[in-house]
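Enquirer: Let me begin by handing over the structure; questions about it come next.
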Amino acid sequence: MRLTYFYQPVPDLKAALAFYRDELGLNEAWREGDTTVAFELPGTPIQLMIDVAPDSGQQWKPGPFFEVDDVEQFAKERSGVTWAGPVIDVPGGKTAAFTDPGGNTIHVFDQSTTSDE
């Protein structure tokens with residue numbers, strides 16, 4: 001597992017962009033469609049990912065995003081983990097979320113469908 005992003009759901013992407021980019025001065029790293037933007041965090045390889053979540057389910061709560069080799073294999077190997085939803089397809093791979101004993105959400109993702117072009 002490698003910490004890659006800190007995930008922060010937002011209700012309004014335009015307002016969040018104005019805050020994180022314009023008010024805090026963070027540089028945009030990448031964007032996915034009209035709902036997701038990541039920002040570089042100075043002095044660290046970790047990025048802040050803001051996203052308009054599709055619903056209020058536990059799998060869309062704020063938390064760290066760890067990259068793993070294979071999300072489905074990771075899930076199969078952890079029978080003691082409480083999953084917050086199913087493995088879902090995302091651009092470039094798959095993602096899933098689980099909760100720790102305190103109820104905090106932890107996200108994992110892989111880049112299993114990213115092609116080497």
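The values are calculated or read from the model by the stated rules, or taken from the named source; none is laboratory data. Everything quoted here is computed from the prediction, not taken from an experiment. Quick reminder, even Gly has a Cβ in these numbers, built from the backbone with ideal geometry, and neighbours come from all protein chains shown.
Enquirer: Looking at Asp55, is it within 25 Å of Lys14 (Cβ to Cβ) and either of a type in the set (A, V, I, L, M, F, W, C) or assigned to a loop (DSSP other than H, G, I, E, B) (or both)?
Expert: Against the criterion (within 25 Å of Lys14 (Cβ to Cβ) and either of a type in the set (A, V, I, L, M, F, W, C) or assigned to a loop (DSSP other than H, G, I, E, B) (or both)), Asp55 qualifies.
Enquirer: Filter segment 18-48 down to residues that are farther than 22 Å from Gly92 by Cβ and either aliphatic (A, V, I, L, M) or surrounded by fewer than 18 Cβ atoms within 10 Å (Cβ to Cβ) (or both), then give me how many there are.
Expert: So the answer is 10.
Enquirer: State which residue is nearest to the chain's Cα centre (by Cα) when the search covers only segment 22-44 and only residues that are within 22 Å of Trp60 (Cβ to Cβ) and of a type outside the set (A, V, I, L, M, F, W, C).
Expert: Taking the candidates together, the pick is Thr36.
Enquirer: List the number of the failed condition for Ser79; all other conditions in (1) surrounded by fewer than 11 Cβ atoms within 10 Å (Cβ to Cβ); (2) in contact with a strand residue (DSSP E or B) (Cβ under 6 Å, 6 or more places away or on another chain); (3) polar (S, T, N, Q) hold.
Expert: The one condition Ser79 does not meet is (2).
Enquirer: Restrict the check to segment 53-63 and report whether at least one residue is of a type in the set (Gly, Ala, Ser), modelled with pLDDT under 95 and surrounded by 15 or more Cβ atoms within 10 Å (Cβ to Cβ).
Expert: Within segment 53-63, one or more residues are of a type in the set (Gly, Ala, Ser), modelled with pLDDT under 95 and surrounded by 15 or more Cβ atoms within 10 Å (Cβ to Cβ).
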